1. Of (1) buried (at least 18 other Cβ atoms within 10 Å of the Cβ); (2) outside any helix (DSSP H, G or I); (3) at pLDDT below 85, Leu473 satisfies all except one. Which?
2. Looking for whichever is within 23 Å of Leu148 (Cα to Cα), modelled with pLDDT of 85 or more and assigned to a helix (DSSP H, G or I) here; the options are Ala67, Ala96, Ala108. Which one fits?
3. Exactly one of these conditions fails for Arg487: (1) at pLDDT 85 or above; (2) basic (Lys, Arg); (3) over 22 Å from Ala398 (Cα atoms). Give me its number.
4. With respect to Ala15, is the statement that it is at pLDDT below 75 and either in contact with a His (Cβ under 9 Å, 6 or more places away or on another chain) or not in a loop (DSSP other than H, G, I, E, B) (or both) true?
5. Do the conditions hold for Thr274, that is, is it within 26 Å of the chain's Cα centre (by Cα) and modelled with pLDDT under 80?
6. In the list Leu312, Leu352, Leu383, Leu361, which residue meets the criterion of being surrounded by 11 or more Cβ atoms within 10 Å (Cβ to Cβ), within 60 Å of the chain's Cα centre (by Cα) and modelled with pLDDT of 80 or more?
7. Here are Leu207, Leu195: which of them is part of a helix (DSSP H, G or I) and at pLDDT below 85?
8. Can you tell me how many residues in the stretch 121-135 are assigned to a helix (DSSP H, G or I), within 45 Å of the chain's Cα centre (by Cα) and of a type outside the set (A, V, I, L, M, F, W, C)?
Amino acid sequence: MSGQPPAEHVPGRDAAGWPAYRRSFQYFALSRLVVAGLLIAYVPVMRSMGTLDERFDAGLFLPVAAAYLVLAGVFFVLSSRPGRVALPTLAMIQIAVDLGALALLIHASGGQRTGLAVLLLLPNAGAAILVGARVGMLFAAVSTLLLLAETGWRGLDGQAGDSAFVQSGLTGAVLLATAAVVGRLARRLESQERLAWRRGEDLRNQLAVTQAVIADLPDGVIVLGARGEPKAINRSARDMLAGATPGAAVLPGLLPLRAALGIGPASAAAEPVTDVAEFIVPGVDGAERRLRARRLGVPSEGADEVVVLEDLGRLEARAQQLKLASMGRLSASIAHEIRNPLSAIRHANGLLAEQLGEPRLERLATIVEDNCRRIDRIIEDVLSISRRGSATPEALPAEAFLVQAIAELVAQSGADARRIECRARAEMPIWFDAGNLRQVLLNLLGNALRHASGERGAVRVDWAPDASGRWTLVVSDDGPGVAPASRVHLFEPFFTTETRGTGLGLHLARELCTANGATIRYRPAGDNPPLRSAFVVEPAPVPGTHR
């Protein structure tokens, strides 16, 4: 929107930077420069034609015309350089100079009989346009008085009769009428231009908002011309049609898009194939990206077409997420219903085990109890995911919290406390919900203890800044780590590599981290022996701190 007035300022005659007003002023200054040049040429032309008489005062006419030409050039330069002098002030100065110079030139040429009085129309019309009707009428009245004064001066010498006064009066009346009519028309044009500017500003603002909204839409939007050339395209559509060549100037997906919708020279003679069509764009690593194109409305012949692009893979992933969410709610409901009969089974099995004397039957009762506990653990994990609710993060003292959480785990599981080493730097607190972080730690430490060796410090908990300066919570162990084929599925629900695992621990840990604005990832050990496989949790920064 360059070249326009500020949005809070309505353009008008007082706006020194208003481009339309300045252009009118420049045209007025240019016309004055042309008139001044013609007045210089007036003397030799009229002299060659023999029309100059003894009343023509060349000694006065030529110096005034030359001075007028110089001043016209100065005013033209000033009109081309904004900010030096306010345009209304400069316009009034120029018009005053015009009236004075033209009055002298009319007198030097021998009066109104030469017809130079018609030149007064230019400054008077300019005054009505540039400085307003009232000021324009004032200048017209001054022009009339100057004409009458010049006629009266000549009448003192007997060079002007009654007809000269009548001619001066008629010329003055014409000047007054011109100022009134031109001023009124200028006001109407100015009001219309103000209204048009406001409407244009509204349209520009609406267009900017529309472009900002369309630019961030997840769906692609592209405007195609009659020959299938893209006239406008948002970021999502460009990414979709770029396929395996992101950032390319020529989008490889345009050709299949045109073919699918029947747009472009190749299909100009045929009817459009369909208003909704699917097509394929080559993706990264040889994968194919399936897209769906949908026309908006029915365009007229030769008009531009608006096409909406949808990534079918993303839509299917979204549908899968909704399906998993529904299954999660159903699983939570079923788990809740299973818990009551399971409690009854465990209670009955416990009573039965007290009356069994044979080792074989006691072993069967133990199997029932173990599997009931396993089912109960699965139920507890499912319910934990379903009722995790919204987190309320707080600044937790790192060292005290981690030591207490490890002590709770040791007390509950009976693990050897010497296998767990806690190394926490206390100067930076952990921004996390206390209950959520405790659950995440229990899940990660439980996994680490199952796979680590029995050596002292086999499992390590670190709270310290990493190489980039971001504070991270790292739970590592000296175990064999996760196989490469399984790493991509680590955080999926019900994925486990253990026969007795539930497959919900890491999924729950990720859900809790997401609820607290944190991230969690697996870091393999690699080929460097000092490195250990680990799960890295990166909490959100504590508000008011810089990490």
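1. Unmet condition: (3).
2. Details: Ala67 fails: within 23 Å of Leu148 (Cα to Cα); Ala108 fails: modelled with pLDDT of 85 or more.
Answer to the check: Ala96.
3. For Arg487, the exception is condition (1).
4. Working: at pLDDT below 75: yes; either in contact with a His (Cβ under 9 Å, 6 or more places away or on another chain) or not in a loop (DSSP other than H, G, I, E, B) (or both): yes.
So Ala15 passes the test.
5. Working: within 26 Å of the chain's Cα centre (by Cα): no; modelled with pLDDT under 80: yes.
So Thr274 does not fit the description; no.
6. Details: Leu352 fails: within 60 Å of the chain's Cα centre (by Cα); Leu383 fails: modelled with pLDDT of 80 or more; Leu361 fails: within 60 Å of the chain's Cα centre (by Cα).
Being surrounded by 11 or more Cβ atoms within 10 Å (Cβ to Cβ), within 60 Å of the chain's Cα centre (by Cα) and modelled with pLDDT of 80 or more holds for just one of Leu312, Leu352, Leu383, Leu361, which is Leu312.
7. Leu207
8. Going through the stretch 121-135 one residue at a time, the tally reaches 1.
The values are calculated or read from the model by the stated rules, or taken from the named source; none is laboratory data. This one's a predicted model, so the numbers in the text were calculated from it and none came from an experiment. Don't worry about glycine lacking a Cβ; one is built from the backbone with ideal geometry, like all the others, and counts go over all protein chains shown.
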